[in-house]
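Just so you know, all these numbers are worked out from the coordinates, no wet-lab data involved. As the structure is a prediction and not an experimental result, all values here were calculated from the model. Reconstructed Cβ throughout: ideal geometry from the backbone, glycine too, with neighbour counts over all protein chains shown.
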């Protein structure tokens with residue numbers, strides 16, 4: 001199924017929850033609402049015409065204009081087609097609905113995005129830091145992150 | 001000013017609850033395996049909830065080797081400088097990491113790669129796959145109590161490292177595959193030595209099959225243990241031998257082609273449940289063994305037909321891709337290694353996300369270990385073949 005068909009189908013089904021799309025990009029992407037990601041992803045996975053059963057990658061991104069985002073690279077083992085979904089939230093209210101109930105692999109990817117960007121995934125079963133220590137201050141992959149001078153009273157060497 | 005140090009107490013395990021918030025029943029206790037434990041293959045801590053010898057739950061704790069690959073990549077002054085850092089992610093298959101990253105940047109630049117470079121990359125990646133699988137198989141044998149195959153595996157891996165050393169001077173972290181080309185052309189006598197290696201390596205494979213694969217004890221330890229069903233494997237986005245061991249006929253080299261894999265004759269190997277159930281530890285082991293055979297075939301065909309040419313003609317002087325983003329994946333020895341690169345039109349990447357196969361494969365460990373014995377967990381964790389450098393990046 002082409003990106004255009006996927007977009008048309010999603011738009012017809014979910015209306016305003018599906019935002020802009022760049023279907024002529026190197027890898028076409030569709031923006032979706034951050035409060036309805038689970039519903040949309042569930043539909044994409046379960047509907048036989050799409051059957052996106054494989055979540056290749058889930059990445060947090062800091063767009064540096066006050067927005068944080070999450071990018072989902074979906075793939076279908078059955079139909080062998082791909083699509084990229086994007087969702088955005090603000091720095092002040094960094095909440096995005098979790099999709100770990102749809103794909104098990106999203107669990108750790110979302111924990112990583114939470115760890116690195118401070119994006120809170122609502123309804124996530126076990127949202128803890130994964131790579132940094134539990135008491136690490138701040139979110140290191142945000143563009144405005146500054147390495148703290150001290151960490152738990154220890155001088156950070158650079 | 002008084003400095004306060006408060007740990008978020010929710011996250012700390014206690015005799016009553018695990019760090020993920022599970023309350024223990026009377027019969028259950030927490031057992032920590034790692035971070036320093038020979039069978040975790042690196043600094044991985046597994047927090048086990050056990051009821052006697054039976055595993056009720058596993059909570060992996062990772063991050064001990066976190067070296068901020070993604071942050072480093074954003075702070076480089078150009079795209080080429082990321083490659084040495086990519087080397088250090090999965091330090092047992094550096095060639096494949098380099099290639100995966102180079103593929104992503106080349107796609108952003110829409111670069112054409114010379115024929116000779118394509119052949120060299122394929123030969124290097126397949127040699128690396130054999131070297132990496134040899135470690136996987138060798139250390140797995142040690143985990144199961146067999147010492148001899150380990151030595152044979154390392155003996156043959158050494159010959160591959162010698163080949164890499166004579167090509168680029170490094171034995172482990174190569175910085176060899178660059179965007180648009182490779183750092184050195186093949187040295188004289190490389191082709192000859194690679195052919196010799198392939199011929200001798202077949203014998204080693206047969207020896208390992210004889211002493212380990214069909215060994216009664218080994219089969220008892222691995223067959224029907226840690227069964228990963230097909231649908232769970234796909235739901236957890238497992239890849240590489242993990243996914244193929246569960247009987248999914250899927251290999252990115254064939255199904256999302258890159259390089260020149262489509263020109264050669266080779267087959268994707270999948271688990272068939274010969275010793276037990278499809279998707280058990282033995283199947284994952286066997287897929288690796290058979291993949292080494294296929295890689296040998298690929299190397300033999302490639303060195304026989306490698307064309308002449310300049311290996312550095314396509315390396316761009318200045319890398320400045322147009323603004324855009326790309327996710328490119330390739331088949332590393334552990335599975336789908338993807339790089340998501342965002343370019344903002346400047347000389348350094350805006351964001352690089354590495355989708356590490358070992359990280360994703362490890363996340364399925366709790367699913368396949370519940371109900372197993374503690375000793376079986378060693379077999380299960382070994383069959384996942386994690387490299388902690390890649391899990392933590």
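Each peptide in B:330-342, A:6-18 receives the mean, over its residues, of other Cβ atoms within 10 Å, and ordering these scores from highest gives B:330-342, A:6-18. Here the spin labels are modelled as points 7 Å beyond Cα on the Cα-Cβ line, and at residue B:193 and residue B:54 they lie 5.5 nm apart. With chain B treated as a Gaussian network of Cα nodes joined by springs under 10 Å, which of B:100, B:358, B:223 yields the largest mean-square fluctuation? Answer for the Gaussian network model of chain B: B:223. Just report the Cα centroid separation between segment A:1-53 and segment B:54-83, whole Å. A separation of 30 Å, based on Cα centres. Distance between the 7 Å Cα→Cβ label points at residue B:147 and residue B:344: 5.7 nm.
Which whole-number percentage describes the relative contact order of segment B:13-88, with Cα contacts under 8 Å and a sequence gap of 6 or more? List each step's numbers first, then the result.
Numbers: 90 pairs, mean separation 13.5, N = 76.
With pairs under 8 Å counted, the relative contact order is 18 percent.
Between helix B:190-208 and chain B there is an angle of about 30 degrees, using the helix long axis and the longest principal axis of the Cα atoms. From largest to smallest, the equivalent ellipsoid semi-axes obtained for the protein assembly as shown from the alpha-carbon gyration tensor read 34, 31, 24 Å. Axis of helix B:148-168 versus longest Cα principal axis of chain B: the two differ by about 30°, to the nearest ten degrees.
In vacuo Debye scattering of segment B:18-112, one point per C-alpha: log10 I(q)/I(0) at q = 0.12, 0.19, 0.25 Å⁻¹? Here log10 of I(q) over I(0) equals -0.60, -0.91, -1.24. Highest average first, the peptides B:60-69, A:139-148, B:32-41 ordered by how many other beta carbon atoms sit within 10 Å of their residues are B:60-69, B:32-41, A:139-148.
Can you compute the FRET efficiency between residue A:122 and residue A:64 using 1/(1 + (r/R0)^6), with r the Cβ-Cβ distance and R0 = 41 Å? Round to the nearest 0.05. After rounding to 0.05, the efficiency reads 0.95. Rounded to the nearest 5, what % of the DSSP beta bridges within segment A:3-132 are antiparallel ones? Beta bridges within segment A:3-132, antiparallel portion: roughly 75 percent.
Relative contact order, whole percent, for segment B:69-392 stands at 27, derived from Cα pairs under 8 Å and 6 or more residues apart.
Which translational diffusion coefficient, to the nearest whole µm²/s, is obtained for segment B:69-392 from the Stokes-Einstein equation, given a Kirkwood hydrodynamic radius over C-alpha pairs, 25 °C and 0.890 mPa s?
It diffuses with D of about 123 µm²/s by this estimate.
Note on residue B:162 and residue B:297: the extension gain reaches 46.6 nm, defined as 0.36 nm multiplied by sequence separation minus the Cα-Cα distance. Computed on segment A:3-132, with alpha-carbon pairs under 8 angstrom and 6+ residues apart, the relative contact order is 20 percent. Straightening the chain between residue B:262 and residue B:112 buys 52.3 nm, computed as 0.36 nm per residue apart minus the Cα-Cα spacing.
Per residue of chain B, the DSSP helices (runs of n ≥ 4 H) give a summed -39500 (n - 2.57) that works out to -13000 deg cm²/dmol at 222 nm. Highest average first, the peptides B:224-235, B:139-150 ordered by how many other beta carbon atoms sit within 10 Å of their residues are B:224-235, B:139-150. Remark on segment A:3-132: hydrodynamic radius 14.7 angstrom, per the Kirkwood mean of 1/r across alpha carbon pairs.
What's the FRET efficiency of residue B:375 with residue A:135 using the Cβ-Cβ distance as r and R₀ = 45 Å, to the nearest 0.05?
Details: r = 35 Å, r/R0 = 0.77.
Working from the Cβ atoms, E equals 0.85.
With r as the distance between the Cβ atoms of residue B:232 and residue B:154 and R0 = 51 Å, compute the FRET efficiency 1/(1 + (r/R0)^6) and round to 0.05. Write down the numbers at each step before the final one.
Details: r = 33 Å, r/R0 = 0.65.
After rounding to 0.05, the efficiency reads 0.95.
Using the alpha-carbon centroid of each, what span in Å lies between segment B:303-349 and segment B:107-122? Measuring centre to centre over Cα atoms gives 8 Å. Taking Cα atoms only, the orientation of helix B:94-109 departs from the longest principal axis of chain B by about 60 degrees.
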